[in-house]
Every structure is written in structure tokens, then in C-alpha cells.
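A.B. asks: This is the structure, below, for whatever I ask next.
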Amino acid sequence: MSRILKDKPWTLGVLVLVIAGLAFAIWSLTSSEDHEWNGTEYDPPRELGEVTLTATNGEQLSLEDLQGKPVLLYFGYTYCPDFCPATLTDFQRVKMALGDDGDDVAYVMVTVDPARDTPERMREYLEFFDPSFIGLTGSEDEINVAKREFGITSLAGEATPRANGDDVYWVDHSTQTYLLDPDGNLMLEYAWGTSADDITEDVRHVLDA
């Protein structure tokens, strides 16, 4: 070995790089295996079917269009008094905690109330939380396709007419948050009440992988 290093001193640099590369690979593998997810894991991540809806700009958007980024996705509606604004506030906290990397994540809300949640209504609502948040709506049939893909249930309550002609009603709905990996596969499901810090930890791990 000493003769080789004497004749070809550049080999020492090559050896250092090889050893460093192996050490990093071992560390990366160990780090990935040691991470404990804070949500319910889909192992392996579940490939999703075609989900194409209407974005707040009025154009068609599919979940496939978001590939390349982790996606935090939630089903709710703009007239929701509790769960939905709380979840979107958590999305704000996740984005803020990620710092500059927060823009490398897509934050999506799919409506369960397409009769009232027009693209314009969803745009105005989501801009209150963050203009970059994505709202998706569509026909009742299109929304039902998306709900079936994620196992979402929702049920509109009895409507109470108002003097201006609008009906007032609440919608009971599933409150899980989902994390899709950058390939568009469903990898984690978070129960209602999972903290923004816990979600941030998982998203950070996905971004760093």
C-alpha cells in the first residue's frame, strides 16, 4: 500500500472519497430505517388512480400534475366551522417550519361540498391562509371519484333556507390528512389531532430522502 501511495499519491484522495461515499450510503440507509413515522404508513406506498378536478384558476388539475413534490392533502369545505380551518392553519405551520423548503411541498384541499365551493369561492377562502394553497372542486361525480380513492365519507345535513335564497347546512366528513410522496403515491395518513410538528418531521424526512 505504501509503495502504491508513493508512486501514485492521487490514489489516497480516491480512497478517501470512496470511504466517505460508503459511509454516507450506510448512514442514509440507517437513517431511513430508523425514522419512525408519525402517521399511519402505507407500506408499500399505494399507487392512486386518476383524480382530476378543477383548480381555483378554473383549469383542470390532476394529482399526477403535482408529482415531483410531497403533497399534503385534506378533504373539507369552505363553510366548515372547525376542522377545516384548524387543518389549514396546521398547513401554514408546516410550511413555516420548513422554511425555504416549504415551497417544495404542495398543500391541497379537495372540497366535499361542490355545490357551494366554486373555484372562486375556494380561491378566496384559501388565500386567507396562503395564496399558494391549492383548492380542488368539480362535479359531484368527480368529487365522489376522489373520495372513493381515499376512502373519504361525507354527509350533508338538512338545509335551512335563508332570506337571501342561500341554504345553510353543515357537512359531516372524514378529517384525515394524507401525505403523498413525490411520485404521487399515498404513503401516510394522519388522524385528526396529529400535531403540525409531527407532520413537519415526516415531511422534512421525505424532502431530505
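The values are calculated or read from the model by the stated rules, or taken from the named source; none is laboratory data. These numbers were taken from a predicted model, which means no experiment stands behind them. In this analysis, Cβ positions are derived from the backbone assuming ideal geometry, glycine residues included, and neighbour counts consider all displayed protein chains.
A.B. asks: If you take the residues of the range 176-209 that are of a type in the set (Asp, Glu) and not in a strand (DSSP E or B), which of them is farthest from Arg148 (Cα to Cα)?
C.D. replies: Within the range 176-209, the match that is farthest from Arg148 (Cα to Cα) is Asp208.
A.B. asks: Looking at (1) within 22 Å of Leu188 (Cβ to Cβ); (2) assigned to a loop (DSSP other than H, G, I, E, B), which one does Asp65 not meet, given that it meets all the others?
C.D. replies: The failed condition is (2).
A.B. asks: Does the range 126-146 hold any residues that are assigned to a strand (DSSP E or B) and either of a type in the set (A, V, I, L, M) or more than 18 Å from Gln60 (Cβ to Cβ) (or both), and which are they?
C.D. replies: Residues satisfying the conditions are Ile134, Leu136.
A.B. asks: For the range 47-64, which positions are out of contact with any Ser or Thr (no Cβ under 7 Å at 6 or more places or on another chain) and exposed (fewer than 14 other Cβ atoms within 10 Å of the Cβ)?
C.D. replies: Glu47, Gly49, Asn57, Gly58, Glu59, Glu64
A.B. asks: Among the candidates Thr40, Thr52, single out the residue that is more than 14 Å from Tyr190 (Cβ to Cβ) and among the polar types (S, T, N, Q).
C.D. replies: Residue meeting the stated conditions: Thr52.
A.B. asks: Just need a number here: residues in the range 53-62 that are part of a strand (DSSP E or B), more than 21 Å from Val206 (Cβ to Cβ) and of a type in the set (S, T, N, Q).
C.D. replies: Just the residues of the range 53-62 that are part of a strand (DSSP E or B), to begin with: 53-55, 60-62.
Next, only the ones that are more than 21 Å from Val206 (Cβ to Cβ) stay: 53-55, 60-61.
With the extra rule that they be of a type in the set (S, T, N, Q), the set shrinks to 54, 60.
So the answer is 2.
A.B. asks: Can I ask one more? If you take the residues of the range 114-124 that are out of contact with any helix residue (DSSP H, G or I) (no Cβ under 9 Å at 6 or more places or on another chain) and of a type outside the set (Asp, Glu), which of them is surrounded by the most Cβ atoms within 10 Å (Cβ to Cβ)?
C.D. replies: For the range 114-124, the residue satisfying everything is Met122.
A.B. asks: Another question, then. May I ask you to say which residue of Leu180, Leu207, Leu136, Leu126 is touching a strand residue (DSSP E or B) at 6+ places or on another chain (Cβ under 6 Å) and within 27 Å of Glu36 (Cα to Cα)? I'd like the intermediate steps shown before the answer.
C.D. replies: Working: Leu207 fails: touching a strand residue (DSSP E or B) at 6+ places or on another chain (Cβ under 6 Å); Leu136 fails: within 27 Å of Glu36 (Cα to Cα); Leu126 fails: within 27 Å of Glu36 (Cα to Cα).
After ruling out the rest, the residue left standing is Leu180.
A.B. asks: Could you give me the residue pairs with C-beta distances under 7 Å whose first residue belongs to the range 170-194 and is within 19 Å of Val206 (Cα to Cα) and in the same structural domain as Tyr107 (by TED's automatic domain parsing), whose second residue is in a loop (DSSP other than H, G, I, E, B) and among the acidic types (Asp, Glu) wherever it lies, and which are 6+ apart or on separate chains?
C.D. replies: Asn185/Glu47; Met187/Asp181
A.B. asks: Which of the residues belonging to the range 181-197 are over 14 Å from Asp43 (Cβ atoms) and crowded, with 16+ Cβ neighbours inside 10 Å?
C.D. replies: Those that are over 14 Å from Asp43 (Cβ atoms) and crowded, with 16+ Cβ neighbours inside 10 Å: Pro182, Gly184, Tyr190, Thr194, Ala196.
A.B. asks: Can you spot a residue in the range 163-175 that is of a type in the set (Phe, Trp, Tyr), outside any helix (DSSP H, G or I) and closer than 18 Å to Thr78 by Cα?
C.D. replies: Residues of the range 163-175 of a type in the set (Phe, Trp, Tyr): 169-170.
Narrowing the set further to residues that are outside any helix (DSSP H, G or I) leaves 169-170.
Subset that is closer than 18 Å to Thr78 by Cα: 169-170.
Taking every residue of the range 163-175 in turn, at least one turns out to be of a type in the set (Phe, Trp, Tyr), outside any helix (DSSP H, G or I) and closer than 18 Å to Thr78 by Cα.
A.B. asks: Kindly indicate whether Glu149 is over 19 Å from the mean Cα position of the chain (by Cα), in the same structural domain as Leu61 (by TED's automatic domain parsing) and either under 17 Å from Ser62 (Cα atoms) or surrounded by fewer than 17 Cβ atoms within 10 Å (Cβ to Cβ) (or both). Walk me through how you get there before you give the answer.
C.D. replies: Working: over 19 Å from the mean Cα position of the chain (by Cα): no; in the same structural domain as Leu61 (by TED's automatic domain parsing): yes; either under 17 Å from Ser62 (Cα atoms) or surrounded by fewer than 17 Cβ atoms within 10 Å (Cβ to Cβ) (or both): yes.
Taking the combined requirement at face value, the residue does not satisfy it.
A.B. asks: Something else about it: Being loosely packed, with under 15 Cβ neighbours inside 10 Å and aliphatic (A, V, I, L, M) is the filter here; which residues of the range 153-180 pass it?
C.D. replies: Leu155, Ala159, Ala163, Val168
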